[in-house]
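Report on one structure; see the data block that follows.
Please treat every number below as a calculation from the coordinates, not as lab data. These numbers come from a predicted model, not from an experiment. Neighbour counts are summed over all protein chains in view; Cβ atoms, including those assigned to glycine, are modelled from backbone coordinates with ideal geometry.
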Amino acid sequence: MVNLELMDWQTYAARVKDGNAVIMLPIGAIEQHGPHMSMNPDVLIPKAISEGVAGKSSAILVAPPISYGYKSQVKSGGGNFFPGTTCINGKTLIDVVKDVLVAYARHGNRKFVLVNGHFENSMFLVEGIDLALEHLRHEGIQAQVMLLSYWDYVTQDTIETVFPDGFTGWDVEHGGVLETSLMLHLHPECVNMEKVVHHHPATFPPYDIFPPEPSWVPSSGTLSSAKNASEEYGRLLFNVCVEGIFGSVSERFI
Ligand SMILES: [Zn+2]
């Protein structure tokens, strides 16, 4: 069993009390991902990858994901104005990350891996980690936290296979081939390929503007087309992320 919340508390306590367990914490967002997909790939993908990594070593446990994330931005998530996109303030996310890390550390845990699935979360996760570690130092607890975004583990070889016509960057992959392929592999019931809207990758000016302009975003809500997504690509992407992340976790923590 890799999901810690499915354990009874005494089994969990015995697994973590010596501080040698590695706790993986997936962090996502609830955000529209086009008409062809559910609104939770940013949660389900890092959760599944964390479970895949944890399956490789009995030292690793997966915590329940933080499902809400920082506000969707036009140039990376389509923006915070689509029905269904449900975001929290940066300071709320910082506090949630901090509180959850402090709580798990008080159980005895000292090694954490935050697996991010939503680009906009990034710097708020850094702040939550920093404040948690500072807080814990005052309690005499020294913990270590690894922070990663799963797409950074997709190798150049895999990029060339999955994007044979050229790769336009992770930022416009919102609802595109990467996430849709992974969801076809992990949760096909959440994808309907017949509803994919085919369009060129979105292009944006070099600046942002506030309030954001919905006209910058394709009306589908996706920033590139998922037309070429496949279960096979999803399996490839999943495996390369699990292998790579397990490599990093082993190197630092096991
Ligand atoms: Zn996403």
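How large is the dipole of the chain about the Cα centre if only Lys and Arg carry +1 and Asp and Glu carry -1, each at its Cβ, rounded to the nearest 20 debye?
600 debye
Within the set of other residues whose C-beta is less than 11 Å from the C-beta of Thr86, count the net charge using Lys and Arg as +1 and Asp and Glu as -1.
Numbers: positive: Lys71; negative: Glu31.
Surrounding charge for Thr86 is 0.
If I histogram all Cα-Cα distances within the stretch 132-254 using bins 5 Å wide from 0, what percent of pairs lands in each bin?
2, 9, 16, 17, 14, 12, 11, 8, 6, 3, 1, 0
Test of understanding: ordering Lys75, Lys195 by Cβ neighbours within 10 Å, fewest first, what list do you get?
Arranged by neighbour count, lowest to highest, Lys75, Lys195 become Lys195, Lys75.
If you take the charge dipole of the chain about its Cα centre, with +1 on Lys and Arg Cβ and -1 on Asp and Glu Cβ, which of Leu114, Gln142, His199 is farthest toward its positive end?
Farthest along the dipole direction, towards plus: Gln142.
What is the ratio of the Cα radius of gyration of the chain to 2.2 N^0.38 Å, with N the residue count, to two decimals? Numbers along the way, then the final one.
Numbers: Rg = 18.4 Å, N = 254, 2.2 N^0.38 = 18.0 Å.
Expressed relative to 2.2 N^0.38 Å, the Cα Rg reads 1.02.
Answer rounded, prolate or oblate for the stretch 1-115, using the Cα gyration tensor with square roots of eigenvalues a ≥ b ≥ c: rounded when a/c is under 1.5, else prolate when a/b is larger than b/c, else oblate.
Values: a/c = 2.93, a/b = 1.89, b/c = 1.55.
It comes out prolate by the Cα gyration axes.
For a 31 Å ceiling on Cα separation, which of these pairs sit above it: Lys75/Lys111; Lys98/Lys227; Lys75/Lys98; Lys56/Lys91; Lys17/Lys47; Lys17/Lys71? Kindly include the intermediate steps, with their values, before the conclusion.
Working: Lys75/Lys111 33 Å; Lys98/Lys227 39 Å; Lys75/Lys98 27 Å; Lys56/Lys91 34 Å; Lys17/Lys47 24 Å; Lys17/Lys71 36 Å.
Those over the limit are Lys75/Lys111; Lys98/Lys227; Lys56/Lys91; Lys17/Lys71.
How many nm separate the modelled label positions at Asn192 and Asn239, each set 7 Å beyond the Cα in the direction of the Cβ?
Reported label-point gap for Asn192 and Asn239 is 3.1 nm.
Hey, what did the stretch 107-254 get for relative contact order, percent, Cα under 8 Å, at least 6 apart? The partial results should precede the final answer.
On the way: 155 pairs, mean separation 41.7, N = 148.
Dividing the mean separation by the residue count of the stretch 107-254 yields 28 percent.
Report relative contact order for the stretch 115-180 in percent, whole number only (criteria: Cα-Cα under 8 Å, sequence separation at least 6). Can you show the working numbers first?
On the way: 27 pairs, mean separation 21.8, N = 66.
Over the stretch 115-180, the number comes to 33 percent.
Of Ile245, Ile88, how do they rank once you tally other Cβ atoms within 10 Å and put the fewest first?
Values: Ile245 24, Ile88 19.
With the fewest neighbours first, Ile245, Ile88 line up as Ile88, Ile245.
Mind telling me which of His174, His198, His33 comes out most flexible in a GNM of the chain, alpha-carbon contacts under 10 Å?
Checking each option, the largest mean-square fluctuation is seen for His198.
Size of the dipole of the stretch 35-174 about the Cα centre, Lys and Arg at +1 and Asp and Glu at -1 on the beta carbon, nothing else charged, in debye to 20?
Values: 10 positive and 15 negative charges, 110 e Å.
Computed charge dipole of the stretch 35-174: roughly 520 debye.
Select from Ile45, Met1, Asn20 the residue farthest towards the positive end of the dipole of the stretch 1-54; place +1 on Cβ of Lys and Arg, -1 on Cβ of Asp and Glu, and compute about the Cα centre.
Asn20
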